[in-house]
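Beneath this line is the structure, given in structure tokens, with notes to follow.
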Amino acid sequence: MKTIRVAVFIGFICCAAHSASLLQSQSFPKTANDLTFTQRTNLLAAGYEPWESEYDANGHCISGCIYSGITIKDELNVLQQNTNNARRNLVQYIQNQPQQQNIISQPQQSGQSPVVIIAQNAPRCEPHNTNTPAGQTMPLGVPLTGNPRVTSPYGQRTNPVTGKQQVHRGIDFSATVGTPVYSPAIGTVKSVWRDSTCGNGLKIAHANGYETVYCHLNTVTVKNGDSVGAGCVVAETGNSGRTTGPHLHYAIKYNGEYINPTDWVNNRG
């Protein structure tokens with residue numbers, strides 16, 4: 001009986017150590033199939049993702065793709081479909097904007113559509129991005145002040161570090177180290193982490209199924225679970241992770257899937 005207990009205890013220690021190792025900075029496996037479902041779930045919960053997809057000259061996946069065996073054309077089609085779904089939500093939001101000043105999200109019950117209600121006195125942080133309305137719940141506009149230069153748009157490109165073909169799932173903005181990064185909408189910090197590709201990363205959950213993702217940060221000024229206001233400082237830009245120079249990688253997810261963020265970035269609340 002004692003022998004069995006020792007064996008179980010040793011097994012528990014091994015499993016615990018292995019789980020802990022998954023939360024360390026590391027490169028993501030070549031495909032999702034390289035991990036068990038449980039291990040992949042643990043990684044995603046900690047903030048890690050296959051941040052960069054890479055394809056060979058024939059357009060076949062090498063690493064970091066959204067599923068094994070996908071081609072670059074397939075991935076672009078999937079992202080376009082996700083974007084079309086989100087764009088319908090964006091159009092509804094813009095059409096209702098005259099009646100939606102200082103808005104906050106109302107929690108939704110399972111099976112119901114997201115609801116947005118009006119709040120007359122949304123709190124304002126200092127300092128804040130003056131281009132972002134105080135109560136904005138849709139991630140609209142650029143998470144930096146001024147008019148930062150886009151150094152790499154969303155879409156198919158040649159990775160500037162590896163030289164491989166890839167789908168760039170976000171937009172890169174030129175910014176010197178230490179430039180304030182602002183949340184474009186009211187939200188809750190979902191994850192703060194560091195890995196070898198994204199560097200210092202941040203993910204914020206917003207209303208109606210939206211999430212915003214930030215990579216290559218120098219510092220993150222919020223922590224998991226924090227509530228953030230629209231236009232509030234959440235981080236500073238940096239040069240961490242896989243980069244060729246200081247910049248901000250900014251991406252948007254809708255219902256858990258990446259979308260083309262261009263329309264959202266070009267719209268201001």
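Calculate, in nm to one decimal, what residue 62 and residue 81 gain on full extension: separation in residues at 0.36 nm each, minus their alpha carbon distance. Don't jump to the answer; show the numbers that get you there.
On the way: separation 19, 0.36 × 19 = 6.84 nm, distance 2.27 nm.
Residue separation times 0.36 nm, minus the Cα-Cα distance, leaves 4.6 nm.
Sort 76-83, 204-211 for me by packing, meaning the mean count of neighbouring Cβ atoms within 10 Å per residue, highest on top. Don't jump to the answer; show the numbers that get you there.
Numbers: 76-83: 15.6, 204-211: 21.4.
Highest-to-lowest ranking by the protection proxy: 204-211, 76-83.
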message = Take residue 158 and residue 73, extend 7 Å from each Cα along the Cα→Cβ direction, and tell me the distance between the two endpoints in nm.
response = 2.2 nm
remark   = One finds, for residue 131 and residue 95 with R0 = 30 angstrom and r their Cβ-Cβ distance, a FRET efficiency to the nearest 0.05 of 0.90
task = Compute the distance in nm between two label points, each set 7 Å from the Cα along the Cα-to-Cβ direction, one at residue 147 and one at residue 262.
result = 1.8 nm
query = Taking the mean number of other Cβ atoms within 10 Å as a proxy for protection, how do you rank 160-167, 53-60, 175-182 from highest to lowest?
reply = 175-182, 160-167, 53-60
query = Between their Cα atoms, which of 164/253; 164/203; 73/223 are more than 29 Å away from each other?
reply = 73/223
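Coordinate-derived values only; no laboratory data. Computed from a predicted model, the values in this text were never measured in an experiment. Don't worry about glycine lacking a Cβ; one is built from the backbone with ideal geometry, like all the others, and counts go over all protein chains shown.
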